[in-house]
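Here's the structure we're looking at; comments come further down.
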Amino acid sequence: VKELPPGRNALPATEGFTALFNGQDLTGWKGLVADPKQRATMKPAVLAAEQAKADELMGANWRVEDGLLVYRGTNFDNLCTVKDYANFELVADWKIAPGSDSGFYLRGTPQVQIWDPFTPPTKAGNEVGSGGLFNNQTNATKPLRLADKPVGEWNRTRIILFGNKVHV
């Protein structure tokens with residue numbers, strides 16, 4: 001991730017990015033507690049207790065295996081960066097197992113959807129492919145085209161979030 005300075009809407013790939021994942025452990029990550037609006041209203045003691053529970057779930061479900069960040073849980077427990085980012089560019093490589101449903105939440109919302117478009121369609125609309133803003137209530141939610149590589153192969157997603165605009 002590279003934070004974007006005000007007035008800037010893209011970064012050359014050669015500029016200094018910060019690695020969010022070190023390939024060794026979960027340093028820089030924590031369990032997700034609720035959504036940003038709910039977290040902001042929690043009393044400090046309540047937030048601390050909820051954070052401890054979320055961190056415990058994170059440790060039980062997220063792992064580093066062969067230098068990769070891997071989810072091995074069943075409860076859809078999310079993890080998030082310890083540091084909050086404002087305007088940024090995120091480049092992530094990912095691959096999924098058959099039937100997967102995942103994504104990148106940006107500042108809590110929206111979610112850039114990742115799912116298996118090669119299995120039978122679901123009510124949620126997985127057949128459109130990854131990269132859409134699944135829970136966007138006001139603008140387009142589907143990717144322009146199906147660009148996913150077959151399940152089990154690596155995909156690369158580039159996300160730019162600047163102000164209230166998301167580019168995938």
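The values are calculated or read from the model by the stated rules, or taken from the named source; none is laboratory data. Keep in mind that this is a model prediction, so the values were computed, not measured. Cβ atoms come from the backbone with ideal geometry, glycine included; neighbour counts cover every protein chain shown. The protein model used for the area step is the full one, side chains on, heavy atoms only, and it has no ligands, DNA or RNA in it. Shrake-Rupley method; radii C 1.70, N 1.55, O 1.52, S 1.80 Å.
Here's a check for you: in segment 81-91, which residue that is hydrophobic (A, V, I, L, M, F, W, C) and open to solvent by 30 Å² or more (accessible area, probe 1.4 Å) is nearest to Thr119 (Cα to Cα)? Walk me through it before giving the result.
To start, the set of residues in segment 81-91 that are hydrophobic (A, V, I, L, M, F, W, C) comprises 82, 86, 88, 90-91.
Now narrow it down to the ones that are open to solvent by 30 Å² or more (accessible area, probe 1.4 Å): 82, 86, 91.
On the way: Val82: 34, Ala86: 35, Val91: 26 Å.
Only one residue tops the list, namely Val91.
When the residues of segment 92-108 are narrowed to those that are of a type outside the set (A, V, I, L, M) and part of a strand (DSSP E or B), which ends up most open to solvent (accessible area, probe 1.4 Å)?
Restricting to residues being of a type outside the set (A, V, I, L, M) and part of a strand (DSSP E or B), the top hit is Tyr105.
Quick grid of which residues meet (1) at pLDDT below 90; (2) over 20 Å from Ile160 (Cα atoms); (3) in a strand (DSSP E or B); (4) open to solvent by less than 60 Å² (accessible area, probe 1.4 Å):
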site: Ala54; (1), (2), (3), (4): no, yes, no, yes
site: Leu57; (1), (2), (3), (4): no, yes, no, no
site: Arg63; (1), (2), (3), (4): no, yes, yes, no
site: Thr74; (1), (2), (3), (4): yes, yes, no, no
site: Gln113; (1), (2), (3), (4): no, no, yes, yes
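Report yes if Lys123 is open to solvent by 70 Å² or more (accessible area, probe 1.4 Å), farther than 23 Å from Pro36 by Cβ, more than 16 Å from the chain's Cα centre (by Cα) and not polar (S, T, N, Q), otherwise no.
For Lys123, the condition - open to solvent by 70 Å² or more (accessible area, probe 1.4 Å), farther than 23 Å from Pro36 by Cβ, more than 16 Å from the chain's Cα centre (by Cα) and not polar (S, T, N, Q) - is met.
List every residue pair whose Cβ atoms sit under 8 Å apart, with the two residues 6 or more apart in sequence or on different chains, where the first one lies in segment 35-46 and is in a helix (DSSP H, G or I) and the second, anywhere, is surrounded by 10 or more Cβ atoms within 10 Å (Cβ to Cβ) and among the charged types (D, E, K, R).
Pro36/Arg107
Please tell me if Pro117 is open to solvent by less than 50 Å² (accessible area, probe 1.4 Å) and in a loop (DSSP other than H, G, I, E, B). Break it down stepwise before answering.
Details: open to solvent by less than 50 Å² (accessible area, probe 1.4 Å): yes; in a loop (DSSP other than H, G, I, E, B): yes.
For Pro117, the condition - open to solvent by less than 50 Å² (accessible area, probe 1.4 Å) and in a loop (DSSP other than H, G, I, E, B) - is met.
Which one is nearest to Gly125 (Cα to Cα), of the residues in segment 55-110 that are touching a residue at least 60 places away in the same chain (Cβ under 8 Å) and of a type in the set (Asp, Glu)?
Checking each candidate, the answer is Asp93.
How do the pairs read when you match residues in segment 111-134 that are in contact (Cβ under 8 Å) with a residue 40 or more places away in the chain with residues anywhere that are hydroxyl-bearing (Ser, Thr, Tyr) and buried (at least 22 other Cβ atoms within 10 Å of the Cβ), using Cβ under 8 Å and keeping only pairs 6 or more apart or on different chains?
Val112/Ser130; Ile114/Ser130
For segment 127-146, give me the residue count where each residue is modelled with pLDDT of 90 or more and within 18 Å of the chain's Cα centre (by Cα).
7
Can you name the residue in segment 136-147 that is open to solvent by 50 Å² or more (accessible area, probe 1.4 Å) and touching a residue at least 12 places away in the same chain (Cβ under 8 Å) and, of all such residues, is nearest to Asn78 (Cα to Cα)?
Lys142
Among the residues that make up segment 12-29, is at least one of them open to solvent by 70 Å² or more (accessible area, probe 1.4 Å) and at pLDDT 95 or above?
Yes, some residue in segment 12-29 is open to solvent by 70 Å² or more (accessible area, probe 1.4 Å) and at pLDDT 95 or above.
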